[in-house]
Amino acid sequence: NTDTAEDGQFKLTATLVVNGVQQRRSSQGSGPIAALLDILGQDGVDVRVLDYTEHALSSGGNARAAAYVECAVGERVLWGIGIDANTTMAALKAVISAVNRAIRDSA
């Protein structure tokens, strides 16, 4: 769930699975990625976005977007990719992709 506050801050509410338990988290930031990074930080995940790009996978009103993020997760640098019809959701999925890869690789 997303919203923009009167002060221009972006509000994000997300449902995450943390250690096998579904949890609902909320935060705000200067944009959706900043809000997500704050939510992840609440659970001790140190992630920073180093680079971000996106492009349309097709043309027209039903086009889907692909977002690519380079993230530092702890001491590792990983890429994440997200695909969605909504560009914001594609970006958020890309960050989660990078974080999930870091978690899988460390297990």
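The values are calculated or read from the model by the stated rules, or taken from the named source; none is laboratory data. Every value quoted in this text rests on a predicted model; they were computed, and no experiment measured them. Positions of Cβ are backbone-derived with ideal geometry, glycine not excepted, and every protein chain shown enters the neighbour counts.
Quick one: is LEU50 touching a residue at least 24 places away in the same chain (Cβ under 8 Å), outside any loop (DSSP other than H, G, I, E, B), not hydroxyl-bearing (Ser, Thr, Tyr) and not assigned by TED's automatic domain parsing to the domain that holds ARG104?
no
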What number goes with the only condition from (1) touching a helix residue (DSSP H, G or I) at 6+ places or on another chain (Cβ under 8 Å); (2) among the hydrophobic types (A, V, I, L, M, F, W, C); (3) buried (at least 17 other Cβ atoms within 10 Å of the Cβ); (4) not assigned by TED's automatic domain parsing to the domain that holds GLY8 that ALA98 does not pass? (1)
Those residues of region 69-107 that are in a loop (DSSP other than H, G, I, E, B) and of a type in the set (Gly, Ala, Ser) come to a total of 3
Starting from region 62-82, take each residue that is assigned by TED's automatic domain parsing to the domain that holds TYR52 and within 11 Å of ASP51 (Cα to Cα) and list its partners that are of a type in the set (D, E, K, R) and assigned to a strand (DSSP E or B), counting only C-beta distances under 6 angstrom and pairs at least six apart or across chains. ALA67/GLU54; GLU70/ASP51; ALA72/ARG48; TRP79/GLU70
Being exposed (fewer than 13 other Cβ atoms within 10 Å of the Cβ) and modelled with pLDDT of 95 or more narrows it down to one of ASP3, ASP43, ASP51, so name that one. ASP51
Does ALA90 count as hydrophobic (A, V, I, L, M, F, W, C) and touching a strand residue (DSSP E or B) at 6+ places or on another chain (Cβ under 6 Å)? yes
Among the numbered criteria (1) farther than 24 Å from GLY8 by Cα; (2) part of a helix (DSSP H, G or I), which single criterion is violated by SER58? (2)
Sole residue being assigned to a helix (DSSP H, G or I) and farther than 17 Å from VAL69 by Cα, chosen from GLY41, GLY8: GLY41
ALA66 versus (1) under 16 Å from ALA102 (Cβ atoms); (2) at pLDDT 95 or above; (3) in a strand (DSSP E or B): which is the lone unmet condition? (1)
Checking VAL21 against (1) outside the structural domain of ALA98 (by TED's automatic domain parsing); (2) surrounded by fewer than 16 Cβ atoms within 10 Å (Cβ to Cβ); (3) of a type in the set (A, V, I, L, M, F, W, C); (4) in contact with a strand residue (DSSP E or B) (Cβ under 9 Å, 6 or more places away or on another chain), which test does it fail? (4)
I'd like the full set of residues that are small (Gly, Ala, Ser), surrounded by 18 or more Cβ atoms within 10 Å (Cβ to Cβ) and closer than 19 Å to VAL18 by Cβ, limited to region 64-93. GLY80
